[in-house]
Every structure is written in structure tokens, then in C-alpha cells.
Amino acid sequence: MDRTRIARLYADKEALGGSTLTVAGWVRSTRDMKNFAFVTLNDGSCFKDLQVVLNRDRLGDETYNHIVSQGVGSALVVTGELALTPDRPQPFELQATELAVEGASAPDYPMQKKRATREFLRTQQHLRSRTNLFRAVFRVRSEAAFAIHRFFQERGFVYVNTPIITSSDAEGAGEMFRVTTLDVENPPRTEDGNIDWSQDFFGRPTNLTVSGQLQAENFALAFGDVYTFGPTFRAEDSNTRRHAAEFWMVEPEMAFCDLAGDMDVAEAMLKYVLNYVMSSCADELAFFSKFVDKGLLDRLRHVATSDFARVSYTEAVSILKAAQASGTTFEFPVSWGVDLQTEHERYLTERHFGCPVFVTDYPAAIKAFYMRLNDDGKTVAAADCLVPGIGEIIGGSQREERLDVLEGRMRDLGLDLDQYRYYRDLRRFGGCRHAGFGLGFERLVMYLTGVDNIRDVLPHPRTVGNAEF
Ligand code: 4AD
Ligand code: MG
């Protein structure tokens, strides 16, 4: 079928005005005024709808009655004349001459015109992308992904696909989903009664990756600048607005780069993506600013043009303690050595700095084994980027390139050195200073849209207790 996308009508309206063309899409609403009817159609090619006008005299009773009786959500193919209407709210309408119902929609279509709650729509994930909100969210998600690739590609980074199934725990935190083909009800046992993983598919225990960082490091020490962008999995039992069991992570890794250089790239990347999405998704962002988060556009514009703050963990703890002393209450304690909670992160970025902030040089004891130990012997060269409304959006670090220091830390943490053979090797053959970070892609989409629950920025979210779709 030779159909014209509605996006093209908006882009080329002057040229297309007066011509006859065919569009295909889904009915969002119908208003029947007896001799005229207005059908609002959306084909997903852009945020805006198309108004289709039905004229009873022109179409005849049979066609007219058949079309106006179609339910919300039905699929129509419409041919008509594009009439420019510069003095009306919408710039044009399609005056239908031929209409066909490609797929009717049953009366129990769950997304009738009245506004459904987001909780309800999570039970309708197969259909919710036909609402304004979710069409806007997933368009932004797509554009943001493209912007990320563009940012890195323009700077000469090589895109590497890191494995999904792996035998190493990149974060050393033990929050992994096991991958096995063993019979879970009756696994083979070794003589001492433990599960015999040597009989499993890979001949060893494996899991879904929590991060592509370790393998990205392998590539960084060959290509210099690389990034991986793929799904990651965490069996964290945290039922919050910002944690998912399956989420996407963007992880650049750069050779001959230190922590300051790492933060520069992270800041430049966030600003690039913000600017890109502000220009490619103007309708969507205007919608979010109106219906989801009133301050969104102003905030994005502000962030795109101002410098991010940088503060050490130690200074951050003093700021939080001073806040407590002058009356702010936190649910969780603030003291040097304890990890920052979301409420602390949000205080820093929203109330104290009023802009995104990098918190650097965390205590070694609360960070992963691969982060470079600072000269003080108790902090590591880590940098988390915190943003208003969300808290941590990026976690990064300079990596420990000194084999003896790395192995010492791994032993202290009780990690099995044999499982990290390749990672240690990398320090033996031309090891170098290097750094990288991980951007939680869903948290970025939340930040760009103002949508405050990670379940509403993932097409089919997997969270504790939820994997229906
Ligand atoms: O801070 P994290 O755990 O860092 C890493 O995984 C490093 N290997 C990254 C690197 O240096 N290459 O995770 C990075 C980011 C977090 O800042 C957060 O935005 C996101 O990933 N993230 C999650 N997003 C959604 N659901 C979860 N359960 C997440 N856990 C982390
Ligand atoms: Mg982190």
C-alpha cells in the first residue's frame, strides 16, 4: 500500500496541501455530528494526530455509519484530500473519500478516551504505547539511544557488544541471575554433596551479566576508546521507583584517561543527549512539560548550558551533616564510611547544588573491587553523577591498573582470583591508566521525560514479582 506517514504531512504540508493521499492508523476518538464526523487518527509516525473529516453526503449512509460506529483503537485506511486549515487549531485535515476498516476494535478496548492510571496501564503493556504518554516516552527512548551512539561515534569510540551470559560478577556484589540447563529439581552432585557445576552447559557456573565493564576494558586496551550499550540484569530485591531487574546500560571505557577525564566525557554526553532530544522530540517534551512535570523544559535547558558541580564524598558528608544541624531530617544516618542513600543524593543535587553533581572519591569499603585506590589508602577514584529528581544516574571510576593493589583488594573482599584471570592479565600486558562509567539508560529516560517510575520507561519492565509480558 502506498501510504503517507502523518509525520510527513506535518513536515511537508505546504507541498502536500490539496493533494489526494492515503493514510493508515488507529482511531483515538470519533465525534459524530450527524452529517459530519471527525475521526482522530494516529499512525505512530509522530506525536501529533490527524483529523479526518467524514461527510455523509459525499460518502453515502452506509460507509459513513459503518466508520462512525467503529470503536476506539480500530485500524483504518483512509484516502482523501488534504485540506490546509490555517485558521483552525490543527494546520490541516483529511477530507475522506474512501475508508476501510482494516481491523475493528472490540468494545472492551481498555484505553477508552477517559484517562487511565499508570498503574492500570502497566497491566496493559501490549496496548499502552498507543496512549500519548507512552508514545512520547518510547519515542524519547529511541531518540536518546540514537543520540548516545552518535555522541560516541562522532568521537571515534568503537561500539563493542559485551556478553550477556558470563561467569564473572563484574560488580562483585553477588546480585546475579543464574543461567543453567541443569535439572533444578535434581541437579548432579559432587561426592561432597554440592551441585556439580562442571556438568552444566558451560562446564562452570554462569549468570546474566550485571555490567559489560570488564569485557569493555579488554577492548579499551586495544581500541583506546570504546563503549558498550546493552541489557544488564540485577537480582536486587529492591522494589523502588528506580530499580529494575533488567535494564540497559551505556558503558564507555577509555584508555589513558583518569577520573577527571571520565567526568568530562560523562558531562559532555549528558548535555549532548539533552540537546539532541530537545530538538528531535519537541512535541513530546512539550507534552511532558504540560502534563507530567511542569518544570521539565526549563530544567533541561538549564542543565544543557551550565556546568555540573563536583564535590568529594568527604565534602558531601560535611554538607549533609551541616544540613542536619540546621534542621533537615534524613531517614538514614549520615556518617563518613556509610553509602549515600537516595534521600542524601537528592538533597545534594536538588537542594544544595541545584544542578547535577559528581560526588567523587568514595570510601573504598563501599565501592567495587576494580576502582583505583587513592593515595590516602582509604578512598577510591570513583565518581557518581547525581541529578535532580532521580539521584544516581551514572556510576564511574578510574580503574585499578596496579596488579598487586588490585589482587590485594580482591583478596580482602573474598573474590575468587581464578574467576578474574583475564581481568588480571590485562594488567600484565601493557596495562595502563584507564577509566569509564555506566549510565543507567532508564534513569536517563526518566530524567528526560519527568516520568517518575522506571516501570513506565521500559517497554516491558521486569521488576521483583513482575515478568508477565
Ligand atoms: O553504579 P553501577 O552499579 O556501575 C556499574 O555497573 C559499573 N560497572 C559501570 C562502569 O563503570 N562501567 O551502575 C551504573 C548505573 C547506575 O548509576 C544506575 O543509573 C544504573 O546503572 N543502575 C540501575 N538502573 C536501573 N535498575 C537497577 N537495578 C540499576 N542498577 C544500576
Ligand atoms: Mg552505582
- Report yes if Leu270 is out of contact with any Asp or Glu (no Cβ under 9 Å at 6 or more places or on another chain) and more than 28 Å from Leu208 (Cα to Cα), otherwise no. no
- Note on the structure: Apart from one, (1) open to solvent by 80 Å² or more (accessible area, probe 1.4 Å); (2) modelled with pLDDT under 95 all hold for Arg8; the odd one out is (2)
- Item | Hits in the range 435-468 - residues which are open to solvent by 20 Å² or more (accessible area, probe 1.4 Å), among the acidic types (Asp, Glu) and either in a helix (DSSP H, G or I) or at pLDDT 95 or above (or both) | Asp452
- Message: Being over 29 Å from Gly391 (Cβ atoms) and within 16 Å of ligand 1 (Cβ to nearest atom) is true for just one of Val184, Val158. Which residue is that?
- Response: Val158
- Check Leu214, Leu208 and return the single one that is within 16 Å of ligand 1 (Cβ to nearest atom), under 22 Å from Ala467 (Cβ atoms) and not small (Gly, Ala, Ser). Leu208
- Query: With Ala260, Ala220 as the choices, which residue is buried (at least 17 other Cβ atoms within 10 Å of the Cβ), out of contact with any Cys (no Cβ under 6 Å at 6 or more places or on another chain) and at pLDDT 95 or above?
  - Reply: Ala220
- Output yes when any residue across the range 422-434 is out of contact with any Leu (no Cβ under 7 Å at 6 or more places or on another chain), surrounded by fewer than 19 Cβ atoms within 10 Å (Cβ to Cβ), on the phi < 0 side of the Ramachandran plot and without any contact (Cβ under 8 Å) to a residue 60 or more places away in the chain, and no when none is. yes
- Message: Being within 16 Å of ligand 2 (Cβ to nearest atom), under 24 Å from Thr240 (Cα atoms), touching a residue at least 60 places away in the same chain (Cβ under 8 Å) and out of contact with any strand residue (DSSP E or B) (no Cβ under 8 Å at 6 or more places or on another chain): is that true of Ile366 here?
- Response: no
- Checking Ser238 against (1) assigned to a loop (DSSP other than H, G, I, E, B); (2) touching an Asp or Glu at 6+ places or on another chain (Cβ under 7 Å); (3) open to solvent by less than 60 Å² (accessible area, probe 1.4 Å); (4) touching a residue at least 60 places away in the same chain (Cβ under 8 Å), the condition it does not meet: (2)
- List, please: which pairs have Cβ atoms under 6 Å, are six or more places apart or on different chains, and start with a residue in the range 205-218 that is free of Cβ contacts under 8 Å to residues at least 24 places away in the same chain and end with one that is within 11 Å of ligand 1 (Cβ to nearest atom) and small (Gly, Ala, Ser)? none
- Pair list, Cβ under 6 Å, 6 or more apart: the range 177-202 residue part of a helix (DSSP H, G or I), other residue open to solvent by less than 100 Å² (accessible area, probe 1.4 Å): Trp197/Pro205; Gln199/Pro188
- Query: When only residues in the range 203-234 that are part of a loop (DSSP other than H, G, I, E, B) and either hydroxyl-bearing (Ser, Thr, Tyr) or within 16 Å of ligand 2 (Cβ to nearest atom) (or both) count, which is farthest from Thr463 (Cα to Cα)?
  - Reply: Gly212
- Message: Cβ contacts < 8 Å: first residue under 17 Å from His460 (Cα atoms), restricted to the range 106-121; second residue at pLDDT 90 or above and part of a loop (DSSP other than H, G, I, E, B), any location; separation 6+ or different chain. Result?
- Response: Arg118/Asn453; Phe120/Pro110; Leu121/Thr131
- Test: Val311 is open to solvent by less than 60 Å² (accessible area, probe 1.4 Å) and in a strand (DSSP E or B): yes
- Note on the structure: Subset of the range 52-90, residues within 38 Å of the chain's Cα centre (by Cα), farther than 16 Å from Thr20 by Cβ and buried (at least 17 other Cβ atoms within 10 Å of the Cβ), comes to Gln70, Val72, Gly73, Ser74, Ala75, Leu76
- Task: Within the range 246-258, identify whether any single residue is within 16 Å of ligand 1 (Cβ to nearest atom), within 14 Å of Leu439 (Cα to Cα), outside any loop (DSSP other than H, G, I, E, B) and in contact with a His (Cβ under 7 Å, 6 or more places away or on another chain), and answer yes or no.
- Result: yes
- Query: Can you pull out the residues in the range 377-404 that are charged (D, E, K, R) and open to solvent by less than 20 Å² (accessible area, probe 1.4 Å)?
  - Reply: Asp384, Arg399, Glu400
- Note on the structure: Residue set Glu331, Glu350, Glu345; condition open to solvent by less than 20 Å² (accessible area, probe 1.4 Å) and of a type in the set (D, E, K, R); output residue Glu345
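The values are calculated or read from the model by the stated rules, or taken from the named source; none is laboratory data. Being a predicted model, the structure only gives us computed values, none of them experimental. As a convention, Cβ positions derive from the backbone with ideal geometry for all residues, glycine included, and neighbour counts pool all protein chains shown. The accessibility values were calculated without ligands, DNA or RNA, using every heavy atom of the protein model including side chains. Shrake-Rupley method; radii C 1.70, N 1.55, O 1.52, S 1.80 Å.
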